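The structure under discussion appears below in the form of C-alpha cells.
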Amino acid sequence: MRSHARPVGGMKIGSTLPSGHMQPADTAIEVLRQLGGRRPPIAILTGAGISAGSGLATFRGNGGLWEGHRVEDVATPGAFDRNPELVHRFYNERRAKLQSQDVTPNAAHTALARLEAMWPADVTIITQNVDDLHERASSTSIIHMHGELMQIRHAQTGETRAWKDHCDGTTLDGHWRPHIVWFGEAILEPDRIEACLRSAGLFLCIGTAGQVYPAAGFVHDVAGPSVEFNLDPTSITDAFTHAWHGPAVDTVPEFVDGLVDAGD
Ligand code: BJW
C-alpha cells in the first residue's frame, strides 16, 4: 500500500511527504486538519475497482468485462443496434452473476455506508457502477450516473422498469434495452451531480481508471481536499491532493475509521 500526499495548485494540502509508515487513517487525520473544524458534505465517486473486491470484473485491463473487446468499441448504442441479441445476452449474464450468492458488498462498500451514517453532513455516492452493492451495503444517497444493471428502459419512451426475466430481442414489445449509459449517451442526473460536487468540501474517488468523462473530471469540481483510492496510480492521480494505492477493501475502511473516529 503506497501513499502520496500532494500539494495541488495554489491550495497547499498537507505537509506530509510520501512515507512507508503512513496509514490511510493518517491521511484521514491530515484531511481533517486541512478542513479545520469544518465537517463539509462529502462527494464520493466510485468505479469498477470498488466492486472488484466482491468478485465483479472491471472493464479495462487483463480479463476485462468485454472479453478482448475495448469497452469503448462495444458499449455503444450502435453496437446494440447491430446485435441486440449479443448485448442482451451479455447483460443477462452479468445480472445472473450479480445475483449469485458469492457476490456481496465488501468492506469498502460497508465503510462508505458507515461514513454516511456517522458523518454530520451529507455523504453522497456518485457511482459509475451499474451494480447494486452500495444499496445492499445500506448507503442511501446514491446517484447511478451510468445506469443500473437490474433495470431496463424503453428505448422510445424512456420508461424504466425493474428487470425480472431474461431479455432478448423480442422481450415485451422488443423495444426494451438495458438501463445503461453507453458511450455518446448523456449521463444520468447531471444536475444532481453538479449540485453535489459544488456543495462538497471533500472528494473521495475509489476504484476508477479515470479514463471516462465526465466522471474523470469531477476531481476538478470540488473545492477542498481530494483522495484517490486505487490499486495503482491512474492518469488522474496528479489531480488529487492525496492518493492511496492498494486494494480498496483495505484502504477505504482504514481511511473511514480515521475520519469518523477522529471526528468523535
Ligand atoms: C482497484 C481494485 C481494487 C481494480 N481496489 N482499485 C470529455 C468530456 C466529456 C465527455 C467526453 C470527453 N472525452 C470523451 C468523451 C466521451 C466519452 C468518454 O469519456 N470517452 C473516453 C473513452 C475518452 N464519454 C461519454 O460518452 C459519456 N457521455 C457523455 O459524455 O455524454 C455527453 C452527452 C451530453 C448530452 C447528450 C449526449 C451526450 C458516457 C460514458 C458512459 C460510460 N459507460 C460505461 C458503460 C459500459 C457498459 C456496461 O456496463 O457494460 O461505464 S463504459 C465503462 O467505463 C463503465 C464504467 O462505469 C466506466 C468507467 O470505468 P471504471 O469504473 O473506471 O472501470 P475500469 O475498469 O476502467 O477501471 C477500474 C479501476 O479500478 C482501475 O484503475 C484499477 O486499477 C482499479 N482497481 N481493482 C482499488 N481492488
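Residue-by-condition table, conditions (1) in a loop (DSSP other than H, G, I, E, B); (2) outside the structural domain of K164 (by TED's automatic domain parsing):
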| position | (1), (2) |
| --- | --- |
| R89 | no, no |
| R94 | no, no |
| K97 | no, no |
| A111 | no, yes |
| I126 | no, yes |
| N129 | yes, yes |
Close pairs from segment 72-86: first within 23 Å of N129 (Cβ to Cβ), partner in a helix (DSSP H, G or I), Cβ under 7 Å, at least 6 apart:
A79/V87; F80/V87
Looking at segment 81-98, is at least one residue at pLDDT 95 or above, within 16 Å of the ligand (Cβ to nearest atom) and out of contact with any helix residue (DSSP H, G or I) (no Cβ under 6 Å at 6 or more places or on another chain)?
yes
Output for segment 229-264, where each listed residue is within 9 Å of the ligand (Cβ to nearest atom) and among the aliphatic types (A, V, I, L, M)
L231, A248, V249, V252
With respect to V212, is the statement that it is under 18 Å from V130 (Cα atoms), within 8 Å of the ligand (Cβ to nearest atom) and in contact with a strand residue (DSSP E or B) (Cβ under 8 Å, 6 or more places away or on another chain) true?
no
Tally, over segment 36-57, of residues that are at pLDDT 95 or above and buried (at least 17 other Cβ atoms within 10 Å of the Cβ)
15
Report whether or not D238 is over 20 Å from N129 (Cα atoms) and not assigned by TED's automatic domain parsing to the domain that holds D132.
no
Test G201 against the criterion of being modelled with pLDDT under 95 and either in the same structural domain as A52 (by TED's automatic domain parsing) or near the ligand (Cβ under 9 Å from one of its atoms) (or both), and give yes or no.
no
Go through segment 196-205 and give me each residue that's within 19 Å of V256 (Cβ to Cβ) and in a helix (DSSP H, G or I).
C196
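Residue-wise test of (1) in contact with an Asp or Glu (Cβ under 8 Å, 6 or more places away or on another chain); (2) within 15 Å of the ligand (Cβ to nearest atom); (3) assigned to a strand (DSSP E or B); (4) over 30 Å from T157 (Cβ atoms).
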| position | (1), (2), (3), (4) |
| --- | --- |
| G174 | no, no, no, no |
| P178 | no, yes, yes, no |
| E194 | yes, yes, no, no |
| T208 | no, yes, no, yes |
| A216 | no, yes, no, yes |
Take the residues in segment 68-80 that are at pLDDT below 85 and within 19 Å of R153 (Cβ to Cβ), then tell me which one is surrounded by the fewest Cβ atoms within 10 Å (Cβ to Cβ).
V74
Only residues in segment 154-176 that are within 16 Å of L188 (Cα to Cα) count as the first member; pair them with residues that are at pLDDT 75 or above and part of a loop (DSSP other than H, G, I, E, B), Cβ under 8 angstrom, at least 6 apart or cross-chain, and list the lot.
H154/H175; A155/H175
Test of understanding: among R89, R114, which residue is closer than 29 Å to C167 by Cα and basic (K, R)?
R89
Taking A195 as the residue in question, decide whether it is surrounded by fewer than 16 Cβ atoms within 10 Å (Cβ to Cβ), in contact (Cβ under 8 Å) with a residue 40 or more places away in the chain, in the same structural domain as T46 (by TED's automatic domain parsing) and not acidic (D, E).
no
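The values are calculated or read from the model by the stated rules, or taken from the named source; none is laboratory data. For clarity, every value in this text was computed on a predicted model and none was experimentally measured. With ideal geometry, Cβ positions are generated from the backbone for all residues, glycine too; neighbour counts draw on all protein chains shown.
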